[in-house]
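The values are calculated or read from the model by the stated rules, or taken from the named source; none is laboratory data. Predicted, not measured: the structure shown is a model, and the values here were computed from it. Cβ atoms come from the backbone with ideal geometry, glycine included; neighbour counts cover every protein chain shown.
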Amino acid sequence: MTIRASCHCRATQFEVAQAPATVTSCNCSFCSKRGGLWAYYAPTQFKLLTARDRISTYQWGSYIGQHHHCAICGCGTYSEFPSFDTGEQDFDNPRIAVNTRLFEIFDLDAVPVEKVNGRDDW
């Protein structure tokens, strides 16, 4: 079940290969201000449908993550990170975190929300 997503102005569009089983709400300084609910995918499960030059990127701290947003309307769209599945940074297995609030024709309220304490744990 492919799910399409777009920013507010629709200049940035992407799709993911399947619905998330859960979404993550993080209270770190960045996520709490951005307000997204995040689902995580392998790069093969994510397809950017927009020209890359329509997307802006923000990096901070250790610069291992790339946080993308629409260059026109500013909506936070997706981020790219190494996997942290083993507790360590695994650059051989990157992950895409997508803002599920941008999903089209999808009942986000039906998906369980996992809370992450990024403010204290990172």
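Q59 satisfies every condition listed in (1) touching a strand residue (DSSP E or B) at 6+ places or on another chain (Cβ under 7 Å); (2) surrounded by 16 or more Cβ atoms within 10 Å (Cβ to Cβ) except (2). Of all residues in the range 64-88, those satisfying the criterion of being surrounded by 13 or more Cβ atoms within 10 Å (Cβ to Cβ), of a type outside the set (A, V, I, L, M, F, W, C) and modelled with pLDDT under 90 are G65, P82, S83. Only a single item in (1) exposed (fewer than 13 other Cβ atoms within 10 Å of the Cβ); (2) modelled with pLDDT under 90 is not met by C31, and it is number (1). When R4, R95, R52 are screened for being over 23 Å from K115 (Cα atoms) and touching a strand residue (DSSP E or B) at 6+ places or on another chain (Cβ under 8 Å), only R4 passes.
Residue selection: G36 fails the criterion of being in a loop (DSSP other than H, G, I, E, B) and either free of Cβ contacts under 8 Å to residues at least 40 places away in the same chain or among the acidic types (D, E) (or both).
Could you go through the range 41-49 and let me know if any residue there is free of Cβ contacts under 8 Å to residues at least 60 places away in the same chain, part of a loop (DSSP other than H, G, I, E, B) and among the basic types (K, R). Scanning the range 41-49 turns up no residue that is free of Cβ contacts under 8 Å to residues at least 60 places away in the same chain, part of a loop (DSSP other than H, G, I, E, B) and among the basic types (K, R).
Consider the range 1-11. How many of its residues are over 13 Å from the mean Cα position of the chain (by Cα) and assigned to a strand (DSSP E or B)? Result for the range 1-11: 2. Take the conditions (1) surrounded by 14 or more Cβ atoms within 10 Å (Cβ to Cβ); (2) more than 17 Å from the chain's Cα centre (by Cα); (3) closer than 19 Å to C31 by Cα; F103 misses just one of them, which is (2). Of the residues making up the range 55-70, none is assigned to a helix (DSSP H, G or I) and more than 28 Å from D109 (Cα to Cα).
Within the range 12-28, being outside any strand (DSSP E or B), at pLDDT below 95 and closer than 18 Å to H69 by Cβ holds for one residue alone: C28. Residue-level analysis places F91 outside the set of residues that are aromatic (F, W, Y), buried (at least 16 other Cβ atoms within 10 Å of the Cβ) and within 26 Å of D120 (Cα to Cα).
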